[in-house]
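The structure under discussion appears below in the form of structure tokens.
The values are calculated or read from the model by the stated rules, or taken from the named source; none is laboratory data. Everything quoted here is computed from the prediction, not taken from an experiment. Cβ placement follows ideal geometry from the backbone for every residue including glycine, while neighbour counts extend to all protein chains displayed.
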Amino acid sequence: MSTLSDTYKDPINLEVLRRRQRMRQKMAKHGGGCIPPMDLFRSEAMHLVQLIVPIESAHLTVSYLGDIGLIQFKDLNAEKSPFQRTYASQIKRCGEMTRKLRFFNDQMSKAGITRSSKSVARADMHLEDLEAKLGELEAELIEVNANNEKLQHGYSELTEYKLVLQKAGEFFKDAQISASARQKEISPDLPAESLATPLLKDHESSHDLSKQVRLGFVTGLVPKEKAMAFERIIFRATRGNVLLRQVALEEAVVDPTSGQKVQKNIFVVFFSGERLKSKIVKISEAFAVNRYPFTEDMGKQTQMITEVSGRLSELKMTIEAGLQHRGTLLRRIGEQYEQWNQVVHKEKSIYHILNMLSIDVTKKCLVAEGWSPKYATKKIQNALQQAAIDSSSQVGTIFRVLHTKKLPPTYFRTNKFTESFQAIVDAYGVAKYQEANPGVFTVVTFPFLFAVMFGDWGHGICLLLATLYIISKEKKFSGQKLGDIMEMAFGGRYVILLMSIFSIYTGLIYNEFFSVPFALFGPSAYACRDASCSDSTTVGLVKVRDTYPFGVDPSWHGTRSELPFLNSLKMKMSILLGVAQMNLGIMLSFFNALFQFIPQMIFLNGLFGYLSLLIVAKWYTGSKADLYHIMIYMFLSPTDDLGENQLFENQKTVQLVLLLLSLIAVPWMLLPKPYILKARHKTRHQDESYALLDDNDDSLHGEADRDSDDQEFEFSEVFVHQLIHTIEFVLGAVSNTASYLRLWALSLAHSELSAVFYEKVLLLAWGYNNVIILIVGIIVFIFATAGVLLVMETLSAFLHALRLHWVEFQNKFYEGDGYKFRPFSFALLNNEDESS
Amino acid sequence: MGFMLTTLIFIVIGMIACLCTRICCNKGPSANLFHLTLVTTATVCCWMMWAIVYLAQMNPLIVPILSEGE
């Protein structure tokens, strides 16, 4: 064979080598790429596109691209801070508008006006017009609010004044009489109600008498809680030389300063002398008491009252008019609110994206880079053309595809049915770009495994009816905002639909209708040994007819040997289903990375596939062989004679061969892959060192990518990685197979719970022959079934089926370290806004 | 034999389901293959479960022993 250097001297051979390298890469990517393409099996083919957009059509271009929603823009200005970016001022303006809209929202909710969810669709409005409009509306609203507050302040003050006039007048007269009487008398006897007890009796009063000052008074309102403290301080400060009368108001009055309703007392303080007056005034100010002027003259009092009443009614009318005006304003805003909100959001997101594009000032254009699926190329180009025409720019946008080695994002085109199943897979890990998607099989196997654990066709029908109801109201629910739990149930409605259909099927097979069996498919296969059925409770029935054609024979329910039979059946079924699913997983790994699946298949099937075969053979022949014994002694003493455990001829040789193959499979899993990878890496390096010569002009990122991919090939690292993988697989083969026994465990739990509820609630209630107890029993049965079996068991079986998929199925082939495709799309933005 | 007959019935039902899906929603070759995979997987799962339960009851090693006071 010619040496490598000779090969490179020959141009034709160089081309051959190139082609071989490309094919190897393709094979490595696609694995067994010989199957025809299938929807959802691999993620969409993506490419990195570069758009060169002239500045005048930039806004429109981004807007149209957002409508299509199929490009994920890369942030080319990542090093810049938010303030350094080109369109930072625009974003600030949008932020201002958002704040104004939030303010309107607050005002509307305070006034109790609901905004219409669907606003009147006006023509597209420009950002500047909207900004101006929002600005003037805000100013108007603030003004109206301020006016309203002022008017309310005045109104409450007048109300208080009116109350003071009314109440104070009542006790003013007799209080004044008693106070002046007290002044004239020098006697220390004081009226019982007066709390104004003088401290220094004789001296002060004689002092006051000599002065003969006229009595002054102060009237006002004091909050009820502070009334006692107020009284005490006035009493102490004035040494008891005042008369204080208070009367509580029955209803709370709106306090002018705080705007809240407060319980207040009206008080009158009678004093003599300027010094006392100033003291009292200061104390009232400290207590935030509202003082109001009062005249002694009776006539003037009535006049004041009428005047104040008149002013009050005037004010009230003004306030009403003001509130109405505000109401109409807010209603007008409410009609357009949704549309404005959307416009502002849209603009904000457009400017956000525009900030991500790198600007080329000399050429007056913006450069955008982004990932987009290959099938969308035509759509995108159309949109670019449309934007260029609409913005009447001289130049069109340039659309270029870049070649890169970076990992593209993963994008699956799902419809509303497959979306929820893909979400289940994505919750564990987003698929790597173009690796085999387990979602394809999850659509069927997940509801199926759920149903194996849930199997009861009565409960299945209940679930089905509930789901059909949700699906029939699909349109209505998708527009509404639902609670968290309802949201999850609605999102998974198709999953639950399939789950319920499969549950009906497995329920028919397990023959359980709310734990009651029916002989739907023919007569039971078992009957008494003789006519008297004497030994049916000791030795049991006997099989007289052909096997019951579909499902578990109805004779089993309620017998003493029901559990041993069903346990054996369900455990073996779990193993068989588990081995089948794991084989499927290994076969899927064939599509990801060729040929590593062969030793894995040999190992798994040599041991557990053989066990499955033994199970089926034992059933088919009806032999009494002990399978535990066979499997254990296959390892402990493989050369021993099998004796009564023999199921087929030459079983001993078969077992020895399988054991040997499994032992060989382990180093086969471990050793070849690191060496093959090493050799591949070496040849790739040698190829590339020559390919650099006639490098075609790739993108600026081309070289960077190539460098980043050429990591150092650490042989020891790869070897350890493969060792871990092998050990994981070998040990996992046992543990994963055992893990599938949860299918048996949960289905046993379900049938036992269901049997308990049926026998111990319904039948018990039936046995009493009393209508009331029967009704109570039925209600308890319904609630127990719905709460425990339909809700708790559904969640439980859902969770375990999920675990079986995520761990036991997917660890055979799934890598799941990709990232999701998040395109710039207005529809997606709206959904995010609604959910936030 | 009951087993073979019913297996045949399952295969027939599976094929009819494939045809129905092909008639109802014919959305291009890749989508058709996807639907075919789904229907086939469902048929195989259902058949496996039925076959397991049927085989287990063909030659029983234990029989129903009625409990007292039935």
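Residues that are part of a helix (DSSP H, G or I), polar (S, T, N, Q) and more than 36 Å from the chain's Cα centre (by Cα) were ranked within segment A:569-626; the one that is nearest to A:E435 (Cα to Cα) is A:Q600.
For (1) in the same structural domain as A:G66 (by TED's automatic domain parsing); (2) touching a strand residue (DSSP E or B) at 6+ places or on another chain (Cβ under 7 Å); (3) touching a residue at least 40 places away in the same chain (Cβ under 8 Å), each residue gets a yes or a no:
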| residue | (1), (2), (3) |
| --- | --- |
| A:H345 | no, no, yes |
| A:K348 | no, no, yes |
| A:E369 | yes, yes, yes |
| A:Q394 | yes, no, yes |
| A:F399 | yes, yes, yes |
| A:L407 | yes, no, yes |
| A:G429 | no, no, yes |
| A:A436 | no, no, yes |
| A:V443 | no, no, yes |
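For the residues A:R822, A:R742, the requirement of being exposed (fewer than 14 other Cβ atoms within 10 Å of the Cβ) and in contact (Cβ under 8 Å) with a residue 24 or more places away in the chain singles out A:R822.
For segment B:45-70, the set of residues classified as touching a residue at least 12 places away in the same chain (Cβ under 8 Å) and more than 7 Å from chain A (Cβ to nearest Cβ) consists of B:W47, B:A51, listed by residue number. Does A:M499 satisfy being part of a helix (DSSP H, G or I), within 11 Å of chain B (Cβ to nearest Cβ) and closer than 18 Å to A:S751 by Cα? When the stated conditions are applied, A:M499 does not pass them.
Flag not set for A:G492, criterion: surrounded by fewer than 24 Cβ atoms within 10 Å (Cβ to Cβ), within 14 Å of another protein chain (Cβ to nearest Cβ) and not aliphatic (A, V, I, L, M).
Please indicate, with yes or no, whether at least one residue in segment A:253-274 is surrounded by 12 or more Cβ atoms within 10 Å (Cβ to Cβ), among the aliphatic types (A, V, I, L, M) and part of a loop (DSSP other than H, G, I, E, B). So far as segment A:253-274 goes, no, none of its residues is surrounded by 12 or more Cβ atoms within 10 Å (Cβ to Cβ), among the aliphatic types (A, V, I, L, M) and part of a loop (DSSP other than H, G, I, E, B). Within segment A:609-635, the residues that satisfy the criterion of being away from chain B (no Cβ under 11 Å) and of a type in the set (A, V, I, L, M) are A:L611, A:L613, A:L614, A:L627, A:I630, A:M631, A:I632, A:M634.
Going by the structure shown, is A:S555 in contact with a strand residue (DSSP E or B) (Cβ under 6 Å, 6 or more places away or on another chain), under 12 Å from B:I65 (Cβ atoms) and at the interface with another protein chain (Cβ under 9 Å from one of its Cβ atoms)? Yes, satisfied. Being surrounded by 14 or more Cβ atoms within 10 Å (Cβ to Cβ), modelled with pLDDT under 85 and more than 17 Å from A:L163 (Cα to Cα) is the requirement here; does A:L249 meet it? The answer is no for A:L249.
Looking across segment A:527-552 at every residue that is within 26 Å of B:W47 (Cβ to Cβ) and buried (at least 22 other Cβ atoms within 10 Å of the Cβ), the one that is farthest from the chain's Cα centre (by Cα) is identified as A:Y548.
Tell me yes or no: at least one residue of segment A:441-454 is at pLDDT 95 or above and small (G, A, S). Taking every residue of segment A:441-454 in turn, at least one turns out to be at pLDDT 95 or above and small (G, A, S). The condition of being closer than 22 Å to B:C46 by Cα and more than 9 Å from chain B (Cβ to nearest Cβ) holds for only one of A:L508, A:L563, that being A:L508. Just to be sure before I move on: is A:K476 assigned to a helix (DSSP H, G or I) and surrounded by fewer than 18 Cβ atoms within 10 Å (Cβ to Cβ) in the structure I sent? Criteria met by A:K476. Does B:T40 satisfy being part of a helix (DSSP H, G or I) and touching a residue at least 40 places away in the same chain (Cβ under 8 Å)? In short, no. Among all positions in segment A:262-276, there is at least one residue which is touching a Gly at 6+ places or on another chain (Cβ under 6 Å) and aromatic (F, W, Y).
Just checking, does segment A:580-588 include any residue being buried (at least 19 other Cβ atoms within 10 Å of the Cβ), at the interface with chain B (Cβ under 7 Å from one of its Cβ atoms), closer than 20 Å to A:L743 by Cβ and modelled with pLDDT of 90 or more? No: segment A:580-588 contains no residue that is buried (at least 19 other Cβ atoms within 10 Å of the Cβ), at the interface with chain B (Cβ under 7 Å from one of its Cβ atoms), closer than 20 Å to A:L743 by Cβ and modelled with pLDDT of 90 or more.
Conditions (1) in contact with a helix residue (DSSP H, G or I) (Cβ under 6 Å, 6 or more places away or on another chain); (2) not in a helix (DSSP H, G or I), marked per residue:
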site: A:R332; (1), (2): no, no
site: A:Q339; (1), (2): no, no
site: A:I350; (1), (2): yes, no
site: A:E369; (1), (2): no, yes
site: A:T377; (1), (2): no, no
site: A:I389; (1), (2): no, no
site: A:V395; (1), (2): no, yes
site: A:V401; (1), (2): no, yes
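Answer with yes or no whether A:A593 is in contact (Cβ under 8 Å) with a residue 24 or more places away in the chain and within 14 Å of chain B (Cβ to nearest Cβ). No.
Among the conditions (1) surrounded by 13 or more Cβ atoms within 10 Å (Cβ to Cβ); (2) in a helix (DSSP H, G or I), B:P64 misses just one, which is (2).
Among the residues making up segment A:457-493, those that are touching a residue at least 24 places away in the same chain (Cβ under 8 Å), closer than 17 Å to A:V791 by Cα and not hydrophobic (A, V, I, L, M, F, W, C) are A:G458, A:H459, A:G460, A:T467, A:G491, A:G492, A:R493. When we screen A:A175, A:A227 for residues that are at pLDDT below 75, in a helix (DSSP H, G or I), assigned by TED's automatic domain parsing to the domain that holds A:E274 and within 22 Å of A:S284 (Cβ to Cβ), the only hit is A:A175. Among the numbered conditions (1) touching a Ser or Thr at 6+ places or on another chain (Cβ under 9 Å); (2) at pLDDT 90 or above; (3) not acidic (D, E), tell me where A:L647 comes up short. So A:L647 meets the others, but not (2).
Taking segment B:7-35 as the range and being closer than 23 Å to A:Q581 by Cβ and either at the interface with another protein chain (Cβ under 9 Å from one of its Cβ atoms) or assigned to a loop (DSSP other than H, G, I, E, B) (or both) as the test, the residues that pass are B:L33, B:F34, B:H35.
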